[in-house]
Amino acid sequence: MSPRVQEQRAVLLALGDFTVALAFARILDGRSHSSVVAECALEVLECEPSDTFIADLSSTPSGEFTLGGLDLLEDLHSLGFYPHAILIAGADTTPADYHRAARLGVDAILERPLRPEALVDAVEAPRPEARRADAHRRAVQFIDRDVTSVPMGMRILLAAEPGAAEAAARD
């Protein structure tokens with residue numbers, strides 16, 4: 001983990017695997033963050049707004065969640081909440097899911113198997129002072145991603161400069 005000044009974050013975990021979500025919460029709470037584990041999609045939408053939102057990247061519902069992580073993030077945006085969004089990609093994640101994540105302004109995508117240090121780094125990453133309503137304009141930051149294994153059509157998601165998502169979407 002990189003040394004940085006740690007700011008306490010309120011973290012909402014909405015993962016299809018409740019046991020994994022509890023393990024992540026323990027890791028983050030051990031770093032003085034305040035974690036809440038949601039047990040269903042409705043609970044996510046009814047919770048107090050959090051600084052950071054962690055969910056499965058797939059748009060496929062899993063576990064007790066009737067909505068995938070992308071749908072939940074979109075619903076949070078429609079309610080006016082733009083949390084620091086960290087999504088976790090799994091074997092069922094599709095290229096369309098990655099593109100949709102870019103349009104929604106996801107801050108980080110972590111891939112399974114996930115190292116605890118990568119999760120902490122993503123949560124504690126510096127972020128802009130103010131969240132902008134047009135969050136889709138920000139590029140997606142990849143953590144723990146082997147660039148050589150990315151298909152050519154995924155170049156949009158590897159760009160880190162502002163404006164890269166729009167430029168690649170036009171191509």
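The values are calculated or read from the model by the stated rules, or taken from the named source; none is laboratory data. For clarity, every value in this text was computed on a predicted model and none was experimentally measured. Neighbour counts run over all protein chains shown; Cβ positions are idealised from the backbone, glycine included. Just so you know, the surface numbers come from the protein's heavy atoms only, side chains and all, with ligands and any DNA or RNA stripped out. Shrake-Rupley method; radii C 1.70, N 1.55, O 1.52, S 1.80 Å.
With respect to the conditions (1) exposed (fewer than 14 other Cβ atoms within 10 Å of the Cβ); (2) among the acidic types (D, E); (3) out of contact with any strand residue (DSSP E or B) (no Cβ under 9 Å at 6 or more places or on another chain); (4) farther than 21 Å from P126 by Cβ, E48 falls short on a single one, namely (3). Looking only at residues in the range 80-124 that are small (G, A, S) and open to solvent by less than 10 Å² (accessible area, probe 1.4 Å), the one that is nearest to H33 (Cα to Cα) is A122. Residues to consider are S50, S2; find the one that is at pLDDT below 90, within 22 Å of A101 (Cα to Cα) and either part of a helix (DSSP H, G or I) or not acidic (D, E) (or both). From the options S50, S2, the qualifying one is S50. Scanning the range 24-45 for residues that are open to solvent by 40 Å² or more (accessible area, probe 1.4 Å) and in a helix (DSSP H, G or I) returns R26, I27, D29, L42, E43, L45.
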